[in-house]
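Peer 1: Have a look at this one.
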Amino acid sequence: MFRYLPPYKPNQLACGTGQTAVVTGWTLKQAVISHLQSYEYAVVGQLYSPTRGLNVLIRNLLANPHVRYLVALDATREDRNAGAVRCLLDFFESGFERGESDTGRECWIVRSPVAGYLDPELPATILEQVRAAIAWERAEAIAAAVERVQAIAQLDPLPVWGEAREFPMAEGVPSVLPGPRYGHRIEGKTIADTWVKIVHRIKTTGVVRPTAYDGFWQELVDLVAVVTDEPPAFHFPEPNYLPIDRAFLDSYIAQVMDDAPHRDGVKYTYGQRLRSWFGRDQIEQAIAKLVCDSGTARAVMSLWDVRDHDAGDSPPCLNHIWVRIGDRELSLTATFRSNDMFSAWPANAMGLRALQQHICTEVARRGGLELQLGPLVTVSQSAHIYDDCWDNAERLVSNHYASLHAIRDYDDPSGSFAIALDGDGAIVVEHLTPGSGEVTRSYRSRTAMQLYRKLAADFPALDVEHALYLGTELQKAETAARTGQSNRYVQDRPLRLDFPV
């Protein structure tokens with residue numbers, strides 16, 4: 001009798017005493033386990049992504065050379081990252097070759113249309129032994145997978161194919177700068193740009209914590225992301241650096257919008273939670289409420305079920321949606337209790353934007369209102385990036401973050417400031433409202449320090465870049481006045497004095 005002993009992610013696997021590894025992709029592993037006895041399988045586990053899970057899966061197989069069969073369930077091919085199962089089977093069928101990952105590190109690349117990598121410290125000869133020793137097959141339905149596993153269990157046991165080998169995984173340790181742990185605000189015009197800023201913020205100041213999944217994540221608590229101008233057709237950068245493409249987005253939007261029927265192994269979709277889970281179509285309720293009262297603050301949709309507290313697996317990450325009309329625009333705010341910001345947030349945000357567009361269109365049509373799309377706001381209570389994505393996250397930030405700050409992509413909602421020197425050499429600062437430029441208050445002092453302290457007290461929500469800019473301009477104005485050259489100071493222009501300071 002064998003016993004499967006995985007050195008990696010043991011808490012995420014169901015281990016038995018057979019010789020068949022069962023990979024369920026995105027299908028819940030319990031959907032297969034419930035039909036089997038533990039002596040019929042060696043291990044049952046899910047595989048979410050070829051760039052995240054393949055290294056762990058292969059390492060665990062190397063540590064358990066008694067596994068001689070692999071049954072891969074590919075029942076959710078339309079779901080995100082479902083290509084992981086195809087990539088795994090391509091590894092066994094087509095092999096691998098030396099190359100570089102998308103982060104530029106040396107690795108083994110699976111010969112597959114789905115990008116999948118294996119660490120270079122896994123010897124090619126050992127990987128070839130795994131490919132030769134394990135008989136594999138693909139099943140498109142849970143019943144077919146169960147039937148095949150049970151049939152294999154009736155066969156005479158095969159001998160182990162080699163010695164158990166363990167290959168330690170390199171642990172990436174992020175450098176974390178000091179910063180607030182709670183309550184962050186990030187704003188951008190598009191989902192793509194906002195995502196890069198989110199990843200940068202988490203990688204810069206996020207706290208590294210252990211997860212419930214035998215690993216670590218880098219996390220910020222209560223991160224508010226505001227997307228102001230995502231176009232109706234959605235913006236995909238060229239080349240596309242998002243973890244999704246348009247084909248996947250179409251299927252994901254359906255999961256958010258539609259009352260998807262129950263599928264074997266899939267507990268629910270967000271659309272099902274919104275449309276029928278509680279016996280009410282909450283999307284229609286929200287539309288009707290806004291048509292009846294466009295100023296209401298009660299257009300609320302809830303996805304959390306009190307029974308989720310007792311559920312063993314996968315309670316919904318998206319818990320609450322609130323829709324509001326103000327200034328002839330419809331905004332949507334969504335709250336996530338837990339949010340994978342690297343792999344999932346772009347799809348989450350685009351799916352919610354599609355829901356926002358639908359509600360806006362229907363409220364305008366049924367209520368005879370002139371409405372436009374307002375901001376999309378997500379509140380991610382646990383905003384995190386898993387450790388197996390840290391390298392990719394750092395690469396993303398390195399390639400794209402700096403360009404977002406070359407030109408400001410939005411105005412500071414706190415307003416702007418006009419700075420000048422009066423005839424007495426005092427610095428005068430006028431605060432102007434966003435848009436109209438109406439003067440709300442005026443400040444006067446002879447020192448930059450007094451002024452920036454007043455501004456910081458009166459405008460605590462100033463954008464960081466804007467605050468740094470104000471400090472620079474105020475110091476230029478003070479220097480000009482102190483040297484008796486007040487006429488030399490012009491806001492936003494270099495300060496050129498007649499003599500050195």
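Peer 1: Around Glu187, which amide H atoms from residues at least 5 apart in sequence, or from another chain, sit under 5 Å from its own amide H, with H modelled in the peptide plane?
Peer 2: Placed amide hydrogens put Val226 under 5 Å from Glu187.
Peer 1: What order do you get for 106-114, 190-198, 51-59, 422-430 when each peptide is scored by the mean count of other beta carbon atoms within 10 Å, highest first?
Peer 2: Per-residue Cβ counts within 10 Å, averaged per peptide and sorted highest first, yield 190-198, 51-59, 106-114, 422-430.
Peer 1: Next question, about the same structure. So what are the ³J(HN,Hα) numbers for the range 383-390, from phi and the Karplus equation (6.51, -1.76, 1.60; θ = phi - 60°), rounded to whole Hz, Gly and Pro as x?
Peer 2: Rounded to whole hertz, the list is 9, 9, 10, 6, 4, 7, 10, 4.
Peer 1: While we're here: Once the Cα atoms of helix 282-292 and of the chain are each reduced to a long axis, what angle between those two axes, in degrees from 0 to 90 to the nearest 10, is obtained?
Peer 2: Once rounded, the angle reads 30 degrees.
Peer 1: Could you do me a favour and compute the accessible area per residue for the chain, 1.4 Å probe, result in Å²?
Peer 2: 48
Peer 1: Another question, if that's okay. Starting from the amide H of Ala139, placed 1.01 Å from N in the peptide plane, find each other amide H under 5 Å away whose residue is 5 or more places distant or on another chain.
Peer 2: Amide H neighbours of Ala139: Ala72, Leu73, Asp74.
Peer 1: Of the listed values (1) 0.98; (2) 1.07; (3) 1.00, grab the one calculated as Rg/Rh (Cα atoms, Kirkwood Rh) from the structure here.
Peer 2: From the options (1) 0.98; (2) 1.07; (3) 1.00, the structure gives (2).
Peer 1: Share of the chain's accessible area from carbon and sulfur, percent, 1.4 Å?
Peer 2: Here it works out to 51 percent.
Peer 1: Could I ask something else about it? To test your reading of the geometry: what angle, between 0 and 90 degrees and rounded to tens, separates the Cα axis of helix 464-482 from the longest principal axis of the chain?
Peer 2: Orientation of helix 464-482: about 30 degrees from the principal axis.
Peer 1: Now for a separate question. Under a cut-off of 21 Å between alpha-carbon atoms, report the lysines in cross-link reach of Lys9, not counting same-chain residues fewer than 8 places apart.
Peer 2: Straight-line reach from Lys9, under 21 Å: Lys29.
Peer 1: Helix-only estimate, please: 222 nm mean residue ellipticity of the chain, summing -39500 (n - 2.57) across DSSP H runs of length 4 or more and dividing by its residues, to the nearest 500.
Peer 2: -10000 deg cm²/dmol
Peer 1: Among the DSSP beta bridges whose two residues both lie in the chain, what percent are antiparallel, rounded to the nearest 5?
Peer 2: Here the antiparallel bridges make up roughly 65 percent for the chain.
Peer 1: If you don't mind, there's one more thing I want to ask. Probe 1.4 Å, all protein chains in place: accessible area of Asp308 in Å², nearest 10?
Peer 2: 20
Peer 1: Let me have the relative contact order for the chain, percent, based on Cα pairs under 8 Å that are six or more residues apart.
Peer 2: 11
Peer 1: At a temperature of 25 °C and a viscosity of 0.890 mPa s, determine how fast the range 212-296 diffuses translationally according to Stokes-Einstein, using the Kirkwood radius over alpha-carbon pairs as Rh; express D in µm²/s, rounded to the nearest whole number.
Peer 2: After rounding, the answer is 147 µm²/s.
Peer 1: Could you check the simple spin-label distance between Ala297 and Ser403, using points 7 Å along Cα→Cβ, in nm with one decimal?
Peer 2: 4.2
Peer 1: Among the GluC sites (Glu not before Pro) within the range 322-377, which fall in a DSSP loop and have no more than 10 other Cβ atoms within 10 Å of their own Cβ?
Peer 2: Loop-located and lightly packed - Glu370.
Peer 1: Another question, then. Between 0 and 90 degrees, rounded to the nearest ten: what's the tilt of helix 124-133 against the longest Cα principal axis of the chain?
Peer 2: Computed tilt is about 50 degrees.
The values are calculated or read from the model by the stated rules, or taken from the named source; none is laboratory data. For clarity, every value in this text was computed on a predicted model and none was experimentally measured. As a convention, Cβ positions derive from the backbone with ideal geometry for all residues, glycine included, and neighbour counts pool all protein chains shown. Just so you know, the surface numbers come from the protein's heavy atoms only, side chains and all, with ligands and any DNA or RNA stripped out. Shrake-Rupley method; radii C 1.70, N 1.55, O 1.52, S 1.80 Å.
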